[in-house]
Amino acid sequence: MINFQEQLEFFKLIGGELKERVVCFVIGGSAMMFYGAKDETKDVDMVFLEEDGLNMMKQALSKMGFDEKKSVVKIFRRYEKARNTPVMMVRGEERFDLFLREIITMKMSETIIDRAKETHEFGNLLIKVVAPEDIFLLKSATEREKDKTDALSLIQKFKLDWRVIIEESLHQTKLGQHLFPVYLFDFLYELKEDLKAEIPANVLGEIRKISEDLLEKRIGRSFCQEQRFLSTPNSAGILAFKKKVRKKTEGKAKRGKKRKR
Amino acid sequence: MDLQLCAQKLEGLCTAATLAKKLGINERTAINYAWKLRKAGYLKTAYGGSKVRIYRVSPFRKKIVGYSFYELLNKYSKIKLAVREDYIIHAEREPSVEEILARAAVHDSFRVVLASLSLFNKIYDWARLKKFADVYASGRKIGALYDVARTFMRVRRMDERTRRGLRHGKKGYIIEGVKSKHFQDIEKEWGVFIPFNKADLARYKE
């Protein structure tokens, strides 16, 4: 585990090692530590917008005794399908996960970049801390039990702007993450049911509506592709509405057959 | 009242009056609470227009690390800026006025550049300013801003050696795409476009 002070020391050392200015974003636990919402984190997650920055960071960490780990720990949903897996730099119990533009199921959009309102300068290393809403969205992309409790503490401690969360999930669909709101709904539903999180009913309803529409739209386009998604249910809520969608599509198919006759 | 709960209730920006209203107490007691919250690390005080105290309350005890660029700029400048995006510098020592001025000149924000003009009055070590101008590649911009500052307020004289040294910087815009109507002679001399007109500097005469 890395605490806040250790994290700062690491960044100072990296900033000293870097020869050129590198800009990156911190997400997850390390971002929560900057906000004072968490005391320690298992790993430091950083997102780079440019490949050069990531490579320079890798080199700096290698100089500090970190080694690149090849096998990827399964943290994120749909990890196997993801093209962009993080570079993991490990030294003993300390770990840095370096992402390039994408964080498995989520893309670093301009809106996320604009919302980062805190910048820390450590020599040549410029670190931007993403907004609490975006930390929450990123937590929704993971499968670890601890991330659920982190998300719960985010809801309890911050006045999360749910509008921003809904809009960003929609924005992600435009960037190619077509089922992002579906996964988000699933995550929120689990949080509400299992951990009794205070999520406004209208927010849940709205995301559910968006997810339903998206699923129906996608099923209409390529039914076979979505069959794969329908066979991996995650919660009772999502199962129920998947059934509903299935019924609808079956109904459509029957009606089509009748017409042919 | 538990201070954490109190901070959660008051999260955001408050004045003494709104603090009292939110907690349902009188203003005197509210100021006492503000003192307690500040001691516990939940509250920060800033001064708004006509010296009204503005309290920034957060339910987290944020550990104070590094030096905030905006706080330092506000410390030295006559024009105080509201902190919208915090920029924290992690360094061994507190950045000097010269460094803040050199950083402000390349900040690409109108408010920051305008506020930085009054920093020329606080500079005593021109050689150090030259050094930081080289580090942040803002020599010409600083030179041009100095000449603008001299047109409307009393500023200490820059020595000729520093002035010559500042001419080696990059030419171009201080704020991308913004030119001045009133300081074209200075723009010509330094090869840098000034983002202000005379009316923008009226703030300093208030």
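What follows is calculated from the coordinates using simple rules that are stated; it is not laboratory data. Since the model is a prediction, treat every value here as computed from it, not as a measurement. Backbone-built Cβ (ideal geometry, glycine too); neighbour counts: all protein chains shown.
Here are some notes:
- Here is the list for segment B:69-117: trypsin sites (Lys or Arg not before Pro) lying in DSSP coil, each with at most 10 other C-beta atoms within 10 angstrom of its C-beta, are B:Arg84, B:Arg93.
- Cβ-based exposure ranking for B:Ser68, B:Ser116, in which fewest neighbours within 10 Å come first: B:Ser68, B:Ser116
- Those chymotrypsin sites (Phe, Trp or Tyr not before Pro) in segment B:50-148 that DSSP places in a loop and that have at most 13 other beta carbons within 10 Å: B:Tyr124
- For residues of A:118-126, the mean tally of beta carbons on other chains within 10 Å: 4
- The protein assembly as shown - share of DSSP beta bridges that are antiparallel (%, nearest 5): 65 percent
- When segment A:1-158 is reduced to its Cα atoms, the Kirkwood hydrodynamic radius in Å: 15.7 Å
- Averaged over peptide B:84-90, the number of partner chain Cβ atoms lying within 10 Å of each residue's Cβ comes to 6.
- Among the GluC sites (Glu not before Pro) in segment B:60-129, those located in a DSSP loop and surrounded by at most 15 other Cβ atoms within 10 Å of their own Cβ are B:Glu85, B:Glu92.
- Shape category assigned to segment B:3-57 from the gyration tensor of Cα positions, a/c cut at 1.5: oblate
- For B:Tyr87, distant residues with modelled amide H under 5 Å away: A:Thr119, B:Phe69, B:Tyr70
- Here the peptides B:150-161, B:33-44 are ranked by packing, the mean other Cβ count within 10 Å, and the order with the highest first is B:33-44, B:150-161.
- Between segment B:173-201 and segment A:1-55, the Cα center-to-center distance that results, in Å: 38 Å
- Backbone amide hydrogens, once placed in the peptide plane, bring B:Ile54 within less than 5 Å of B:Ala46, B:Tyr47, B:Gly48, excluding anything fewer than 5 places away on its chain.
- Fraction in percent of alpha-carbon pairs per bin - 10 Å, the protein assembly as shown: 4, 16, 22, 22, 19, 10, 4, 2, 0, 0
- Working from label points 7 Å from Cα in the Cα-to-Cβ sense, the A:Arg144 to A:Arg91 distance is 2.0 nm.
- Prolate/oblate/rounded call for segment B:139-206, Cα gyration tensor, a/c under 1.5 rounded: oblate
- Charge context of B:Ile89, other residues only, Cβ under 15 angstrom, K/R +1, D/E -1: -3
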